[in-house]
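Q: What follows is a single structure, and I will ask about it in a moment.
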Amino acid sequence: MTNQELTQSKFDMIVKQPVLIEDALIQKNDSQAVFVGGGTLLQLHWESGTPLPHTLVDLSFLNHLKGITCQEHGDTSNVIIGALTTIAECLSHPLIVKHAPLLVEACRNIAAPAVRNRATIGGNVASLVGDSIPALLVLNAKVKIAIKDDIYVMTLWDWLKINHQQPFLLLEIIVPFSVKGTKDFYRKVGRREAFIPSLLSISGQWKKDDDGKLQFIRLAVGGGSHRPVRLEGVELILKGETINKKVLYQKILDEFQSYSDPFISEAYRKKVAANIMMAELGTVLGEEG
Amino acid sequence: MESVEYSKKTNEKEVELTFDLNGETTKLIVPAVYRLVDILRKDLQLTGTKISCEIGRCGACSVLLTGQVVNSCLVMAYQLKNSKVETIEYISKNSLHPIQQAFLEEGALQCGYCTPGMIVALTDLLGYNADPTDEEVLEHLSGNLCRCTGYTGILRAVRRYKTIYTNKG
Amino acid sequence: MELKRENFGDKWRVRPDGYDKVTGSLKYLTDYTFPNMLYGKVLRSSFPHAKIRSISTYEAEQLDGVKAVITYKDVPGMNRFGLIFPDQPVFCEDVVRYVGDAVAAVAATSEEIAEKALSLIHVDYEPLEVMDSPEKSLSSSSIPLHPAGNILHRASYKSSEQVLKELQNCPYVVEDTYETPRQMHGYMETEGGVVVPEEGGKITVYAATQHGFKDRMQLARILSIPESLIRVISSPIGGSFGGKDELNIQPYAALLAIKTKQPVKLHNKRSESVRAGIKRHPMKIKMITGANQEGKLVGHYVRIVADTGAYATLGPAVLDFAVEHATGPYIFPHVDVEGVSVFTNNGIAGEYRGFGGNQVTFALESQIERLAEQMEIDSIKFREMNLRDADDLGPLGQRIVKNDGAKSVLSMIKNSSVLTDSPKEHPHKITGKGIAITMHGGGLGFGRPDPSGARLSLTNDGKIEIAFGFEEFGQGLIASIEIMLMEALNCSKEDIKIVIGDTDLVPSSGSATASRSTNMIWNGIQKLKAPFMEKVLDLVADYTNTTRDLLYLGEKGIWRRGKRNQFVLSYRELANNANPSHVTFQTHFHFPTTPDAVIGGHYLYSFAAVAAEVEIDQLTGKVKVTRMDHAVAAGPVVNPLGYLGQIEGGAVMGLGFTLFEDSVMENGRYHTENFDSYLLPTIKDIPTETNVMVDESLMEGDIFGPRGVGEIGTVAIAPAITAAIHQACGIWVKKLPLSSEEILDALMDLSSPGNEQGVY
């Protein structure tokens, strides 16, 4: 580390406050600039020794990123959540409570009240490792992203798979209404009961039609430093004709690539993910044999 | 409207800040990312708000921002423009809030260092929910660490508050 | 009796320092600022073990706003500190031994400039191999960290030469090794304070400690100035738990203040506190314990290895305490305990609430439970069969004050509803219950200077002033003093002025540690109340021409007995007419010690028992403590809210020690740098229903007064929890903090055949 980097003082930081998305993206082009929503995650990283950026691009004046609305198109209605919505707002907003209760459950498990009042859902998703992501993945959420001069809408799952080279700005999260008759679960596991970076965040959503066949099933795992993933291999097995529990369990262990850190081993994360999933999928499994 | 640069490239890396603090308009010139906890403790000598972990994990620095509890160690000066901040000093400005009285009566504090944060967090909760369940209290205080009391005294105080001040059993 | 409001009447009262704490108006020593004040920062070692080839401060000195940069060359006196053995450099000269070792310090006009200046100090290190475990430090290829080698201290107690032989003949034997974590104190207020240069070469040190006079002595030695020039103001404190007894930032603030002639403030960030601060001794404890066919304990063989880190601090005393408490409240005919405290580059381990008792009690109580399991008898019954009698000798064969506390707490905990209530059932969760007991010595032990003192006087403005050289760090010291004095003199709380924590104003009372202060305060007041009262009544009788025998001290002043008691004279008026030095009484005494010359042996013991209920998640192996009850026998309850708070708070500290607290180190560096990775219990981690039962009785002839309960609440928690875990799932947890992975693996092994790969 050069003296230059070492001596970058916090108070040398410049804050820019664009009101247009294009300006925000231009300002972010400078490699020493970062986007700031609530700033909670960023400041945590600074305290832990992450090098300080030169410029903060404050997103709080971008109106497009604010607010929660819904878009009703018969079967395909969505809740549109602006990226600047705080986690606290997600917990209590009537549209989310009514149409995406799984997201409420995920948000309930993020941090603690004081942080939730500041941290944004956009920041949580844009970090690529946020605890809201597994829930959003199984809800089949889409994201609206601005990259350079264009705006893209794609599923969160597709977006997570991209190698994010260029600066992007997350504008909205589009969450389909949870349909009647769907079952879902969200579980976060940590080393203590509250306010903990998760060791594991697991979520699932499915629906059976009247003759007991699975219409759809989506399963996702994340937590800690994992980029959350959909366990598509496991989903395939579940949609199959017969399910062998042993095979299923092993598939979860195999498909979920994890890691070890000084506190928790990879093996443990995998086992717990598999255990929880098997327990939560009880109704799905029970009827399939 | 053009984008506003909150600091100039030459020597000024500062914000001219105007915000409502404890009912009074406060004007300061500070660096853009200067933390609210430092504004309070260093610039304004309001040391009731404490500093402990500096990463928003302990709640000792809790204040009310627009009536909601936040960690002042994670709020930067540029984010305060035109906002409303209330600290522990304001909560007991004229007389003790009943939750403070309950804390005293039930031994909900020992060294007292986490106490302002606890009171601020509870002021937030009790402001919109005067009769919280135990679950709601636990959830709401999950970001406030205490090393002395083991939290039992704090729960006793909240129960006392509910019994006496809201006339519920 | 249950410790609750209804049972204690007036004694359950608002603490005198409560109002200022609850309103945020109390200024802690780290809240202070002074005009012209500078900010100090300490440069700490980049390596856990290295030679220092050179230190260059030139560039730092040139930075605008920097007023002083100091190194070992700037220490006028002894460049060492340490409560007993001063072996820790104030500033390292040629070698650094842990990541918190200080190499230089800066005073500047702002914290930011001071930080920047640190980055401009260039230290040329030659890294050395890291002694990252006691085993490594003791191996043939180790590097000696101190001139005398890597063993700081050995301690032992042997009551028989036949222990192993006897154990071989026992039908029931449990042999295992237990490991305990490097727990962090985690006080919410970190180390910090201000040193202010005063006139005439004096300095005032506003900084937390648990022994102001000791700090004064250490600083005088470092600064090479007489103690009379140093004033230490050491209260109020935002938590200590033993972690602020040793010197921390004071030498740096003092040296910088003297050099710059300006007040200098240092306030550790949490990450600095983690890096430089002391921790609890991690210990590996091997025990071989045996019982005979009749269920009587026969032998106890114990080998303790403590990782003491880079410097001595109170390592030797902690080891001595662990050795003494390795047999707990049980009678073993054959005992062989040995302990060794080993230097490593793993931070520094030192004084921490419980003081070695937590570690050995975890091991001992686990052994007891496992023996009972082998014998297929109830573990409470097993304990009862082997418990000490009231007049048995102490654990080191020394005479101790007759005490039936062990039996008392065991019989109280038997009746705890935690053990009898049916637990709540939840899917995929299993529950269990367990108990543990402990015996804990108070005071510093035989042969250690354990003096105390108090002063009681009438001030010029009519207050009854009581002064102690103790510190308030939350434990309720001030409240206890108030309650005891009000009871002794029958005065009102407004009549009292309590003075503590200022070496210029108070007598030496020894340290506020080792569960000793309550007892010392009680003693001091007992000794001073009679002469004080007599003098006051003499003066009043004289002044008002009243019959002496009719007068008594009461609220607001002196009263006269009669058909209707009459107010005679206020304390204030008395003060106006009396010579205050005539109404000043001081006393010095020593903490009660055993008559037997057993070094470190204690005399006054307290007892506690814990009943715990746990719930284990079969899917994740995670453990939650759902209920906990406590039974304590420590003599009279002086301050019920204080006592209750110490037991409840201690319990949660013990819970953290058991479930998830550990300052994880690798190669001498901390992985857990702040509260995002070092996990303190949150309000959601605790059992929300707890009861504390107390036995206040003392045996006839026990004139020693109330015992302190500052530590005992932390001690029996871990083994009660692990006993409950065992009941739930048959696993013995031997390493703390427990591993959910280990528990999950064990649960999965135990689950039904054909279901080897999942608990479903």
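The values are calculated or read from the model by the stated rules, or taken from the named source; none is laboratory data. Here the structure is a predicted model, which is why all the values come from computation and not from measurement. Positions of Cβ are backbone-derived with ideal geometry, glycine not excepted, and every protein chain shown enters the neighbour counts. To get the accessible areas, we keep the full protein, side chains included, count just its heavy atoms, and leave off ligands, DNA and RNA. Shrake-Rupley method; radii C 1.70, N 1.55, O 1.52, S 1.80 Å.
Per-residue answers, yes or no, for (1) touching a Lys or Arg at 6+ places or on another chain (Cβ under 8 Å); (2) outside any loop (DSSP other than H, G, I, E, B):
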residue	(1), (2)
C:Ile377	no, no
C:Met385	yes, yes
C:Gln398	no, no
C:Ala406	yes, yes
C:Met412	no, yes
C:Leu419	yes, yes
C:Lys424	no, no
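Q: Can you find even one residue in the range B:24-33 that is within 9 Å of another protein chain (Cβ to nearest Cβ), surrounded by 23 or more Cβ atoms within 10 Å (Cβ to Cβ) and assigned to a strand (DSSP E or B)?
A: yes
Q: Select, from A:Ile133, A:Ile202, A:Ile173, the only residue that is away from chain B (no Cβ under 14 Å), buried (at least 24 other Cβ atoms within 10 Å of the Cβ) and not in a strand (DSSP E or B). Spell out the reasoning first.
A: Values: A:Ile202 fails: not in a strand (DSSP E or B); A:Ile173 fails: not in a strand (DSSP E or B).
Answer to the check: A:Ile133.
Q: Among the listed residues C:Glu324, C:Glu272, C:Glu373, C:Glu351, which satisfies the condition of being part of a helix (DSSP H, G or I), within 30 Å of B:Ile51 (Cα to Cα) and out of contact with any helix residue (DSSP H, G or I) (no Cβ under 6 Å at 6 or more places or on another chain)?
A: C:Glu272
Q: Now a separate question. Name the strands (runs of 3 or more DSSP E) wholly inside the range C:79-159 in which the number of residues that are in contact (Cβ under 8 Å) with a residue 24 or more places away in the chain, in contact with a strand residue (DSSP E or B) (Cβ under 7 Å, 6 or more places away or on another chain) and open to solvent by 10 Å² or more (accessible area, probe 1.4 Å) is 3 or more. Steps first, answer last, please.
A: Numbers: elements: C:102-108, C:122-127, C:151-158.
So the answer is C:122-127, C:151-158.
Q: Inside the range B:33-50, can you point out the residues that are within 15 Å of C:Gly238 (Cβ to Cβ) and without any contact (Cβ under 8 Å) to a residue 24 or more places away in the chain?
A: B:Arg41, B:Thr47
Q: Looking at (1) touching a strand residue (DSSP E or B) at 6+ places or on another chain (Cβ under 8 Å); (2) more than 10 Å from every other protein chain (Cβ to nearest Cβ); (3) open to solvent by 20 Å² or more (accessible area, probe 1.4 Å); (4) within 25 Å of A:Pro101 (Cα to Cα), which is the one condition that is false for A:Asp30?
A: Unmet condition: (4).
Q: Okay, moving on. Among the listed residues A:Glu255, A:Glu280, identify the single one that is in contact with a helix residue (DSSP H, G or I) (Cβ under 8 Å, 6 or more places away or on another chain) and open to solvent by 10 Å² or more (accessible area, probe 1.4 Å). Explain how you work it out, then say what you get.
A: On the way: A:Glu280 fails: in contact with a helix residue (DSSP H, G or I) (Cβ under 8 Å, 6 or more places away or on another chain).
So the residue among A:Glu255, A:Glu280 that is in contact with a helix residue (DSSP H, G or I) (Cβ under 8 Å, 6 or more places away or on another chain) and open to solvent by 10 Å² or more (accessible area, probe 1.4 Å) is A:Glu255.
Q: Oh, and also: Would you say A:Lys270 is modelled with pLDDT under 95 and closer than 15 Å to A:Ile202 by Cβ?
A: yes
Q: Also, I was wondering about something else. Could you give every pair whose Cβ atoms fall below 7 Å, whose first residue belongs to the range B:94-116 and is more than 7 Å from every other protein chain (Cβ to nearest Cβ) and among the acidic types (Asp, Glu), and whose second residue is assigned to a helix (DSSP H, G or I) and surrounded by 24 or more Cβ atoms within 10 Å (Cβ to Cβ), counting only separations of at least 6 or pairs across chains?
A: What qualifies is B:Glu106/B:Ala157.
Q: Out of B:Gly56, B:Gly48, report the one residue that is within 13 Å of chain C (Cβ to nearest Cβ), under 22 Å from A:Ile110 (Cα atoms), modelled with pLDDT of 95 or more and crowded, with 24+ Cβ neighbours inside 10 Å. Please lay out each step first, then the result.
A: Working: B:Gly48 fails: under 22 Å from A:Ile110 (Cα atoms).
After applying the criteria, what remains is B:Gly56.
Q: In addition: Just to be sure I understand the filter: pairs with C-beta atoms under 7 Å, separated by 6 or more residues or on different chains, first member in the range C:675-704 and part of a loop (DSSP other than H, G, I, E, B), second member among the aromatic types (Phe, Trp, Tyr). Which pairs pass?
A: C:Leu679/C:Phe660; C:Thr682/A:Phe195; C:Ile683/B:Tyr151; C:Ile686/B:Tyr151
Q: Still on this model: Can you tell me which residue among C:Gln250, C:Gln210 is without any contact (Cβ under 8 Å) to a residue 60 or more places away in the chain, buried (at least 24 other Cβ atoms within 10 Å of the Cβ) and under 21 Å from the mean Cα position of the chain (by Cα)?
A: On the way: C:Gln210 fails: without any contact (Cβ under 8 Å) to a residue 60 or more places away in the chain.
Testing whether each residue is without any contact (Cβ under 8 Å) to a residue 60 or more places away in the chain, buried (at least 24 other Cβ atoms within 10 Å of the Cβ) and under 21 Å from the mean Cα position of the chain (by Cα) leaves just C:Gln250.
Q: Given the criteria over 19 Å from the mean Cα position of the chain (by Cα), within 28 Å of C:Glu112 (Cβ to Cβ) and not assigned by TED's automatic domain parsing to the domain that holds A:Tyr152, does A:Val34 qualify?
A: Criteria met by A:Val34.
Q: Among the listed residues C:Val694, C:Val664, C:Val652, identify the single one that is more than 10 Å from chain B (Cβ to nearest Cβ) and either buried (at least 24 other Cβ atoms within 10 Å of the Cβ) or acidic (Asp, Glu) (or both).
A: The match here is C:Val694.
Q: Given B:Val70, B:Val120, B:Val85, which one is part of a helix (DSSP H, G or I) and within 14 Å of chain A (Cβ to nearest Cβ)?
A: None of the others qualify; the one that does is B:Val120.
Matching residues to (1) among the small types (Gly, Ala, Ser); (2) part of a helix (DSSP H, G or I); (3) over 17 Å from the mean Cα position of the chain (by Cα):
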{"residue": "B:Lys93", "(1), (2), (3)": "no, no, no"}
{"residue": "B:Ala108", "(1), (2), (3)": "yes, no, yes"}
{"residue": "B:Leu126", "(1), (2), (3)": "no, yes, no"}
{"residue": "B:Leu145", "(1), (2), (3)": "no, no, no"}
{"residue": "B:Ile164", "(1), (2), (3)": "no, yes, yes"}
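Q: Across the range C:416-432, what is the total count of residues that are away from chain A (no Cβ under 14 Å) and at pLDDT below 95?
A: 6
Q: Further question: Which of the residues that make up the range A:143-168 are part of a strand (DSSP E or B) and farther than 12 Å from A:Gly82 by Cα?
A: Listed by number, the residues that qualify are A:Ala146, A:Ile147, A:Asp150, A:Ile151, A:Tyr152, A:Val153, A:Met154, A:Thr155, A:Phe168.
Q: Now for a different question. List the number of the failed condition for B:Val75; all other conditions in (1) surrounded by 24 or more Cβ atoms within 10 Å (Cβ to Cβ); (2) touching a strand residue (DSSP E or B) at 6+ places or on another chain (Cβ under 8 Å); (3) within 14 Å of chain C (Cβ to nearest Cβ) hold.
A: Checking B:Val75 against (1) surrounded by 24 or more Cβ atoms within 10 Å (Cβ to Cβ); (2) touching a strand residue (DSSP E or B) at 6+ places or on another chain (Cβ under 8 Å); (3) within 14 Å of chain C (Cβ to nearest Cβ), the one that fails is (3).
Q: While we're on this one: Taking the range C:595-640 only, how many residues are part of a strand (DSSP E or B), within 14 Å of chain A (Cβ to nearest Cβ) and in contact with a Ser or Thr (Cβ under 6 Å, 6 or more places away or on another chain)?
A: Selection size over the range C:595-640: 1.
Q: Residues of the range C:526-569 being of a type in the set (S, T, N, Q) and either under 40 Å from the mean Cα position of the chain (by Cα) or outside the structural domain of C:Met484 (by TED's automatic domain parsing) (or both), which ones? First the steps, then the outcome.
A: Of the residues in the range C:526-569, the ones of a type in the set (S, T, N, Q) are C:526, C:544-547, C:565-566.
The one that is of a type in the set (S, T, N, Q) and either under 40 Å from the mean Cα position of the chain (by Cα) or outside the structural domain of C:Met484 (by TED's automatic domain parsing) (or both): C:Gln526.
Q: What pairs come up if the first residue lies in the range A:249-262 and is more than 13 Å from chain C (Cβ to nearest Cβ) and touching a residue at least 24 places away in the same chain (Cβ under 8 Å), the second is assigned to a loop (DSSP other than H, G, I, E, B) and hydrophobic (A, V, I, L, M, F, W, C), and their beta carbons are under 7 Å apart, counting only those six or more places apart or on different chains?
A: Going by the 7 Å Cβ cut-off, the qualifying pairs are A:Glu255/A:Leu231; A:Phe256/A:Leu231.
Q: Are there strands (runs of 3 or more DSSP E) fully within the range A:41-116 with at least 3 residues that are touching an Asp or Glu at 6+ places or on another chain (Cβ under 9 Å)? List them.
A: So the answer is A:78-82.
Q: Further, regarding this structure: Quick test for you: out of C:Val360, C:Val323, C:Val318, pick the one residue that is under 20 Å from the mean Cα position of the chain (by Cα), free of Cβ contacts under 8 Å to residues at least 60 places away in the same chain and buried (at least 22 other Cβ atoms within 10 Å of the Cβ). Reasoning before the result, please.
A: On the way: C:Val360 fails: free of Cβ contacts under 8 Å to residues at least 60 places away in the same chain; C:Val323 fails: free of Cβ contacts under 8 Å to residues at least 60 places away in the same chain.
Unique residue meeting the criteria: C:Val318.
Q: What is the one condition in (1) surrounded by 20 or more Cβ atoms within 10 Å (Cβ to Cβ); (2) farther than 29 Å from A:Gly39 by Cβ that B:Asn94 does not satisfy?
A: Failing condition for B:Asn94: (1).
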